[in-house]
1. Sorted by accessible area (1.4 Å probe), largest first, how do Thr563, Thr130 line up?
2. In the full protein assembly as shown, how much of His348 is accessible to a 1.4 Å probe, in Å² to the nearest 10?
3. What figure, in Å² to the nearest 10, do you get for the accessible area of Glu500 with a 1.4 Å probe and non-protein molecules left out?
4. Take every Cα pair under 8 Å in the range 90-162 that's 6+ residues apart, average their separations, divide by the length, and report that relative contact order as a whole percent.
5. Taking R0 as 60 Å, what's the FRET efficiency between Lys357 and Arg468 from their Cβ-Cβ distance, rounded to 0.05?
6. With both partners inside the chain, how many of the DSSP beta bridges are antiparallel, as a percent to the nearest 5?
7. For the range 505-632, just say rounded, prolate or oblate: build the C-alpha gyration tensor, square-root its eigenvalues into a ≥ b ≥ c, call rounded for a/c under 1.5, and beyond that prolate if a/b exceeds b/c, oblate if not.
8. Roll a 1.4 angstrom probe over the protein heavy atoms and tell me the percent of accessible area of the chain that is carbon or sulfur.
Amino acid sequence: MVVPQSAAQLTSWLASGRTLFLTIHLLGVVGFAYIVARRMVPLFRAEHDFRFDQPWTRLGKVLQFWLGQWKHPRYRTAGILHIFIFTGFIVLALRAFTVLMVGVSDNFVMPGLSGKAGSVYDIITDYAATIVFLCMAIAVIRRLVFKPARYAVPARYGTSHTADAIFLLSLIAILMVADSLFAAAKAAGQAQSGQPVEMLAVLSLPWMLQKALVSVPFPTLGTFYSGAYLVHEVTFYFLLCYRPFGIQFHVESSLFNIYFAKLDREILKPVRWGVGDEHLDQVKSFGAKTFENFTWKHMLDFYSCADCGRCSDNCPANAVGRPLSPRFITIKARDYAFQHYPVFGRAHDGVALVGSKERGGIYSEDEVWSCTTCGACEEECPLLVEYIDKIVDLRRGLVDEGNVPQSLQKPLKALESRGNPYGKMEKKKADWVNAKEFQQTCHVKTLDHSNGADTLYFVDSITSYDDRMQAIGRATAKILAHVGENFGILGAAERDSGHEVRRFGEETLFMALRDHNVDAIKASGVQRIVTADPHAYNALKHDYKDIPPVEHISQVIAREVKTGKIKFNPLENKDSVYTYHDPCYLGRHNQIYDDPRNVLDAIPSLKRVEMSRTRDRSFCCGGGGLMLFYEPKEDQRMGVKRVQMAAEAGADVIVTACPFCMTNIEDAIKVAGMEGKMTAIDLTELVDQQIARECPDLKKEQATEIKECVMASPN
Ligand code: SF4
Ligand code: SF4
C-alpha cells in the first residue's frame, strides 16, 4: 500500500477524488464570484470618486499600510496578533493554492517550489499554519475571557458581534488543523509504507499531529488523509463565500480600500467629484441623503471595516457619551447595504439615511451633528477608513433640506449677513487692537490700498470678537512686531474663514466667505499669511486656492527661536508643570506637533509633561465644526475629560495654540471645579509673557527694564 501523491488520486469516494474536488472548486469559485459581483452592485450606483491618480503613491500606501501593517502596533497585543495572522496568511497563500490544486492535478508542484526551495517553503508554511492556529486560539480567549471594551456593542447599536467573530476564528483554526492533518497523515502513511517521508517542521502543528498518528493503522490514516483534505476544501470555500456576508470581507477588500485611500486627507471632499464650484448651481441635490449618494469608495470603506473598534475607542464624541460611534457609522451602513442589496433577490434603494428607524433611517440627526471633525478615528483606523467626508456629506444633505439644529441657525444667519457667527458689526472687527495698554506697545495697521505690508495676520472671528480671545490676537501681534515682521490685518474686510461652516455642511455659505476673503487678501498685496487660529490655518491652507503661503504662529515662533530673534526670560513660577494640548487642526490635520513643543522647551525653567493622549492621539477639546454653538447630548464635556487628563499627567498649566481650545479648556476648568488648581494659556500669550525684549531705540544700559520697553512697530 502506498499513500497517493495527490488528493486527486483518491478513489474511495462516490465520485473520484478529482471529480469531487473539481466540483467543489467550481462551486466555490463561481459562488464567490457571484457574491462579490452582487456586493459590487451598490458601488456602481454610487457617486463618483476620483481615486485613480498617482498609482505609485497608492502602491506605496499598500506596501506601508496593508503589507507593512503600519498602524496595527498602535494597539500592541491585538496589533502583534494581527501581524502574525496576516503574515501567516501571506505565507500560506501559495500553500493553499497548492493544496487546492492537488485535488485536481496529479503531483502538482508550484513552479519555483520544487526541490530544496519547496522543502524550505514547506517548513516555513508548517510553522505559519501553527502560528495562525495559535493566534486563533489566543484571539478566541481574548474575546471570551478578556473581552476588550472596544469590541463591545452598546445596546443602541444592536447585539454583540462576539459569536460571529468566534465562528470565523474557529473556521480559520479548522482550516489550519485540516491542512496540518492532511500533511501529517500523508507523512505518517509514507513512513508506514516505506515511501520517502516528506519532512515536517519540528514542533509545528503538522509535526505534532504526525507524531500522534505514528501508530494509527494505515487504512485509518487514509481516512484522515482524505477526510482532512475534504474538510480543508469545504472550509476554504465556505470561508471564501461566507466572508462577503460580514466583517471578514475586509480580507479581500482591504487591499483595494488602502490602494484607493484618500491621499490628501486634509482636503475636504468636494460636493460632487468632477463638478467645479462654478457649476455647483447645476447640482440638484447636495450631500448624502440616500445610501447611493455616498461615493463608491465610501461604500468600499463600509465593506472593509474589520470591526476592531479602534476608531470609536479614540473618538472623543463616543468617549463623552454623545450618540456617535464612528465604528457604527460604518457597521450600520454595511448592514444597510447587505439588506437593501441582497445577494439573492432584488435591490431596493433610495431610502433616506438620516431619520427615524421606522422610515428606514439608519442615522439620527444628533449622531451626524455630534462629530467635531477631529480626525481621531481616521488617524487610528488600520484600514484607512474615512469618516469626516462622509459625515460632512451627511450634513450637507441635511442642510440642503433645511434641517439645521435650532442653536446653529442664528450663527449661520449672522455669518451670512455679517461675516461672523456672533452677528457683530464688521467695523468692530479690529476693535481688539484698541486696548489702551496694547496700543502703547504695539501698532497694528489695517491694510488697504495705501497701507501695504509683507505679511497678513489673519485673525478670524473668535479672536476678533471674543473678549477673552482678543488677548491671543494682541499677543500674536506683539510677537510678530518683536521679530520685525512688516505685517497688518484686514480689519473690517476680513470675514470668517468659513472653516467651521464648511465642515458643518454649508458649502454655499463657505464659498461666499472664501471668495470674499480671497479677494481681500489679493487686494492687500501681501506675500504671506500668518494666523494663530488652527481652524483658519487649515481653511486658508487647504480650502482656499491662489493665495500666498500660510503659516501658523507656532511655526513662526519656533523658527525665530532657532534664529535667535526670540529669546526667553526664565519662568518666575518654577513649580508649575506645563502640558501641551495638541489642537486637532494643528496636529492631526496638519502634523504640526514639534514646533509648539520646541518653543515651550526653549523657555528656561519650564517643566513640561505629556498627557496620556498626545500628538496624533490628542483628545479633542470639543471645539471643532461649529461646536461652540451646538449643545449635543452628552454625559460629560470633552474639555472636562481633557482637563482631567492634564491633571492625571501631573500638570497644572495647559498650553494650547488655538482660541477654540482655549475657550473649551477654560470653561472645562470651571465646570470641573479646578479653578485655582489648573490654568490654561495660549502659546502666544506665554511667549509674549516670556520674551526677553530689548528696545532697539534705547542704549543698552537703559534697556534693563525689559517689561517697560515700548515696542515700535517696523512701520
Ligand atoms: S472625527 Fe472625531 S468626533 Fe468625528 S467621528 Fe471621528 S473621532 Fe469622532
Ligand atoms: S473603521 Fe477602521 S478602526 Fe473603525 S472599526 Fe472599522 S477597521 Fe476598526
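1. Accessible-area ranking of Thr563, Thr130, largest first: Thr563, Thr130.
2. 100
3. In the full protein context, Glu500 sits at about 10 Å².
4. Relative contact order here is 22 percent.
5. 0.90
6. Bridges in the chain that DSSP calls antiparallel: roughly 10 percent.
7. Judged from the Cα gyration tensor, the range 505-632 comes out oblate (a/c at least 1.5, b/c at or above a/b).
8. Ligands and nucleic acids excluded, carbon and sulfur reach 58 percent.
The values are calculated or read from the model by the stated rules, or taken from the named source; none is laboratory data. Since we're looking at a predicted model, the values are computed, not measured. As a convention, Cβ positions derive from the backbone with ideal geometry for all residues, glycine included, and neighbour counts pool all protein chains shown. When the accessible area is computed, the model is the full protein with side chains, heavy atoms only, and any ligands, DNA or RNA have been set aside. Shrake-Rupley method; radii C 1.70, N 1.55, O 1.52, S 1.80 Å.
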